[in-house]
1. When you check Ser55 against the structure, is it crowded, with 20+ Cβ neighbours inside 10 Å, modelled with pLDDT of 90 or more and not in a loop (DSSP other than H, G, I, E, B), yes or no?
2. Among the candidates Val50, Val69, single out the residue that is aliphatic (A, V, I, L, M), in contact with a His (Cβ under 7 Å, 6 or more places away or on another chain) and either modelled with pLDDT of 90 or more or within 28 Å of Arg11 (Cα to Cα) (or both).
3. Restrict the check to segment 17-33 and report whether at least one residue is over 16 Å from the mean Cα position of the chain (by Cα) and modelled with pLDDT under 90.
4. In contact with an Asp or Glu (Cβ under 9 Å, 6 or more places away or on another chain) and modelled with pLDDT of 90 or more, is that true of Ala85?
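The values are calculated or read from the model by the stated rules, or taken from the named source; none is laboratory data. Since the structure is predicted, the reported quantities are computational estimates derived from the model, not experimental observations. Here the Cβ is made from the backbone with ideal geometry for all residues, glycine too, and neighbour counts use every protein chain on show.
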Amino acid sequence: MTQGYALLLKRHCRTRSENVQRSAVISIGTIGNKDDVPALLSMMRKSKSVNLKESIIRALSAIGDPSAVQPIMDLLKEKETRIQAAAIEALGRHGKQGSRPLIAFHA
């Protein structure tokens, strides 16, 4: 992927349209560049949309960067069950590092 496409996707993450944001987030997750994790984490913290947060969690899971484990683990405390479920799924994909928080949360 060229730099131009990556910049375009990042610009789409800042648009007002949630559908465009979700599409860009999904594409970023598919590309899998760990350099995008900080921006996705920031976006996840600021977002009020359940749909967008779910997409961000899935993108972070697809990228697989260990720095996302703790912020995803923090989402287990969210009231919205869809966010909790997406977080559990994402943590499960991180193997041993991701399963420790699940065990602690369940205990």
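1. Working: crowded, with 20+ Cβ neighbours inside 10 Å: yes; modelled with pLDDT of 90 or more: yes; not in a loop (DSSP other than H, G, I, E, B): yes.
Yes.
2. Going through Val50, Val69 in turn, the sole match is Val69.
3. Of the residues in segment 17-33, the ones over 16 Å from the mean Cα position of the chain (by Cα) are 17.
Still in the list and also modelled with pLDDT under 90: 17.
Among the residues of segment 17-33, at least one is over 16 Å from the mean Cα position of the chain (by Cα) and modelled with pLDDT under 90, which makes the answer yes.
4. Yes: the conditions hold for Ala85.
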